[in-house]
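Asker: My questions all concern the structure below.
The values are calculated or read from the model by the stated rules, or taken from the named source; none is laboratory data. Just so we're clear, the structure is a prediction, and the values are computed from it rather than from any experiment. As a convention, Cβ positions derive from the backbone with ideal geometry for all residues, glycine included, and neighbour counts pool all protein chains shown. Ligands, DNA and RNA are excluded from the accessible area calculation, which covers all protein heavy atoms including side chains. Shrake-Rupley method; radii C 1.70, N 1.55, O 1.52, S 1.80 Å.
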Amino acid sequence: MAELAINGGAPVRSEPYPEWPKGDDADVAAVTEVVRSGRWGGFPEPGPRAAEFEERFAAYQGAMHGVLMSNGTVTMEVALKALGIGWGDEVIVPALTFSATAYAPMAAGALPVFVDVTPSTWTIDPDQAEAAITPKTAALMPVHLGHQMADMDRIMDIARKHSLAVVEDCAHAHGQRWRDTGAGCIGDFGSFSHQSSKIMTAGEGGSLLTNDDRLARLAHSLIDCGRPKDEGEREYTFGANYRLGELHAALLCVAMDRFPSQQESRAEAGGRFERLLRDVPGVRVLEHDDRITRWSFYRYVLAIDPDAFAGHTNQAVCDALEAEGVGAWTGYEPMSNYDLFQPSLSRLPVAVEHAARLDPARMSFPVAEAAGLRESVYVDENVFRAGDLGVDQAVEAIAKIQRNAAELPGG
Ligand SMILES: Cc1ncc(COP(=O)(O)O)c(C=O)c1O
């Protein structure tokens, strides 16, 4: 008789995990207030609720300035443009991330140059980032992936040594702290997403954080059709309309009220999950870096050893986990697999100068490829809002699949 739920066995968890996003009367009241106020849009920029959120979120992470805009993709494009990065520049990006990280340099007119990630954290490999620097390199874009943070000590050392800008992609890292400094407050800019699946959400939205007054003004201008933001200043920047409306901003203010206690309970549940996971055969727990001094995460990322799962890879394990009642996803594909970076589709100007660096056929990222195509399992965030039982069931589901791996379909 089949054991695994994917083959008709009893699932480990039959009750659904909690929904996300989850609104209540506070969201309804916040939106109602905006509707009644008649001030719906983001112009003049920033609107009152946007300004409130910018200030509160920046203070929570520990930055001087927050700039709220329409999503966590244009945030990175705006950051690069504010830093003066564009045509002819190269920007170093990890080979394992969402396409948005690499799209941003292209949208700013620069070229993304991919480097592999480290096997212990699946975040950008600082040695490879340094080796990829050329006279055209203008910035490094570390990504704090899943529940991890990139090695910001090394990244900042390299950036200082080579006079490079740093834009942190913190789409997964609201609340994280590195040596007691908030994610997004270490480099020149930190970029956050408020899209529905993210842990501080209004359905859509994105924030940039910075400690630099001038960069903050430039970012405000770039998202507001280039309008000058200095008192008495008349010069426009090359901006577009990336403002976020007040309805979304109001929802973010409510999300901000809730966030600190959500962060605490999620970190506690994550700790329990990680402790239990260490005893599951065939699973590798990524390095838990003690320099992460406040833990807050989007999804928990673990590595499976396909040999210990009868040769099955992450996709089979995620499908089986879903059937057991635990949401899971294989994570990002390596950048060498993304259509966006196939020169014929993206029309990247790679033909001459950059062909060797940007032709996916010539790219090789063994660690990102092993992670994305075989090993990585992203456990859904809602597991960490379902009490000890929810966490224990998720661990049991992984262990059950490993014990019965010979039963997995598709072998
Ligand atoms: C790592 C990463 N960077 C950037 C983004 C882009 O954010 P958005 O969807 O708000 O544009 C996302 C998520 O969607 C992401 O996961």
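Asker: If you place +1 on the Cβ of every Lys and Arg, -1 on the Cβ of every Asp and Glu, and leave all else neutral, what size is the dipole of region 285-333 about its Cα centre, to the nearest 20 Debye?
Answerer: About 260 debye.
Asker: In whole Å, how far is the Cα centre of region 247-304 from that of region 1-40?
Answerer: 18 Å
Asker: So with the 1.4 Å probe, I'd like the accessible area per residue for the chain, rounded to whole Å².
Answerer: Value for the chain: 41 Å² per residue.
Asker: Quick one: Debye curve from the alpha-carbon atoms of the chain only, equal weights, vacuum; give me log10 I(q)/I(0) at q = 0.06, 0.08 Å⁻¹ to two decimals.
Answerer: -0.25, -0.44
Asker: Tell me which residues come under 5 Å, amide H to amide H, from N241 once H is placed; ignore anything under 5 positions away on its chain.
Answerer: Those lying under 5 Å, H to H, from N241 are C225.
Asker: At a Cα cut-off below 21 Å, give the lysines reachable from K22, other chains included and same-chain residues fewer than 8 away excluded.
Answerer: K198
Asker: Give the residue from A131, P48, A328 lying farthest towards the positive end of the charge dipole for the chain; charges sit on Cβ (+1 for Lys and Arg, -1 for Asp and Glu) and the dipole is referred to the Cα centre.
Answerer: P48
Asker: Mind listing which trypsin sites (Lys or Arg not before Pro) in region 286-316 are in a DSSP loop and have 13 or fewer other Cβ atoms within 10 Å?
Answerer: Taking region 286-316 and a limit of 13 other Cβ atoms within 10 Å, the loop trypsin sites (Lys or Arg not before Pro) found are R291.
Asker: Considering Cα pairs under 8 angstrom that are at least six residues apart, work out the relative contact order of the chain and quote it in whole percent.
Answerer: Computed value for the chain: 21 percent relative contact order.
Asker: Give the residue from S265, I155, L276 lying farthest towards the positive end of the charge dipole for region 137-293; charges sit on Cβ (+1 for Lys and Arg, -1 for Asp and Glu) and the dipole is referred to the Cα centre.
Answerer: Comparing the listed Cα positions along the dipole, L276 ranks first.
Asker: Figure the gain on full extension for D153 and N241 (residue separation times 0.36 nm, minus the Cα-Cα span) and round it to one decimal in nm.
Answerer: 28.2 nm
Asker: Right, something else. How big is the dipole moment of region 61-142 about its Cα centre under a simple scheme where the beta carbon of each Lys and Arg is +1, that of each Asp and Glu is -1, and everything else is neutral? Debye, nearest 20, please.
Answerer: In total the dipole reaches around 280 debye.
Asker: Another question, then. Can you list, largest first and rounded to whole Å, the semi-axes you get for region 88-159 by taking the square root of 5 times each eigenvalue of its Cα gyration tensor?
Answerer: Equivalent-ellipsoid dimensions as semi-axes: 19, 14, 9 Å.
Asker: So if each residue of separation counts as 0.36 nm, and I subtract the Cα-Cα distance between K161 and A2, what length gain in nm does that give?
Answerer: Fully extending the segment from K161 to A2 adds 51.4 nm.
Asker: From the convex hull of the Cα coordinates of region 50-172, what is the mean projected area in square nanometres?
Answerer: 7.4 nm²
Asker: Counting only the backbone N, which residues of region 196-225 are under 20 Å from the spot 7 Å out from the Cα of A51 toward its beta-carbon?
Answerer: Backbone N within reach: 206-225.
Asker: For the pair E407/D305, report the inter-label distance in nm, with labels modelled 7 Å from Cα in the Cβ direction.
Answerer: 2.3 nm
Asker: Considering only DSSP beta bridges whose two residues both sit in the chain, what percent are antiparallel, to the nearest 5?
Answerer: Antiparallel: roughly 60 percent of the beta bridges in the chain.
Asker: Next up: How large is the dipole of the chain about the Cα centre if only Lys and Arg carry +1 and Asp and Glu carry -1, each at its Cβ, rounded to the nearest 20 debye?
Answerer: 520 debye
Asker: Given a 1.4 angstrom probe, I'd like the percentage of the accessible area of the chain that is carbon and sulfur, rounded to a whole number.
Answerer: The computed percentage sits at 50.
Asker: Residue by residue through region 327-333, which ³J(HN,Hα) values in whole Hz follow from phi under the Karplus form 6.51 cos²θ - 1.76 cosθ + 1.60 (θ = phi - 60°), with glycine and proline marked x?
Answerer: Karplus values, whole Hz, x for Gly and Pro: x, 8, 9, 7, x, 7, 7.
Asker: If each Cα of region 7-102 is one equal point scatterer, what is log10 of I(q)/I(0) from the Debye formula at q = 0.12, 0.17, 0.22 Å⁻¹?
Answerer: One equal scatterer on each Cα of region 7-102 leads to -0.70, -1.02, -1.26.
Asker: Taking θ as phi - 60°, what are the ³J(HN,Hα) couplings along region 391-406 by the Karplus curve (6.51, -1.76, 1.60), each to the nearest whole Hz, with x for Gly and Pro?
Answerer: Using θ = phi - 60°, the values come out as 5, 4, 5, 5, 5, 4, 5, 5, 4, 5, 5, 5, 4, 10, 4, 4 Hz.
Asker: R0 = 25 Å: FRET efficiency of L340 with T134, Cβ-based, nearest 0.05?
Answerer: With R0 = 25 Å, the Cβ-Cβ based efficiency is 0.70.
Asker: Further question on the same structure: Non-local amide H neighbours of Y300 (under 5 Å, H modeled in plane, Pro and chain starts lacking H): which ones?
Answerer: Result for Y300 returns V379.
Asker: In whole Hz, what ³J(HN,Hα) sequence does region 35-50 give by Karplus (6.51, -1.76, 1.60; θ = phi - 60°), x for Gly and Pro?
Answerer: Ordered by residue, 3J(HN,Hα) equals 4, 5, 5, x, 9, 8, x, x, 10, x, 8, x, x, x, 6, 4 Hz.
Asker: Cut-off under 25 Å on the C-alpha distance; same-chain residues fewer than 8 positions from K161 excluded. Which lysines are left, in chain and number order?
Answerer: Cross-link targets: K81, K136.
Asker: Putting +1 on Lys and Arg Cβ atoms and -1 on Asp and Glu Cβ atoms, find which of A100, A316, N241 reaches farthest to the positive end of the dipole of the chain.
Answerer: So the residue we want is N241.
Asker: May I pose another question? Once every DSSP H run of n ≥ 4 in the chain is given -39500 (n - 2.57) and the sum is divided by its residues, what mean residue ellipticity at 222 nm do you get, rounded to the nearest 500 deg cm²/dmol?
Answerer: The per-residue figure over the chain is -11000 deg cm²/dmol.
Asker: Continuing with this model, one more query. Using 7 Å Cα-to-Cβ label points, what is the E233/A29 separation (nm, one decimal)?
Answerer: Between E233 and A29, the label points sit 3.8 nm apart.
Asker: For V113, list long-range residues whose amide hydrogen, built 1.01 Å from N in the peptide plane, is under 5 Å from its own amide hydrogen.
Answerer: Here the answer is V91, I92, V93, since their amide H atoms fall under 5 Å of that of V113.
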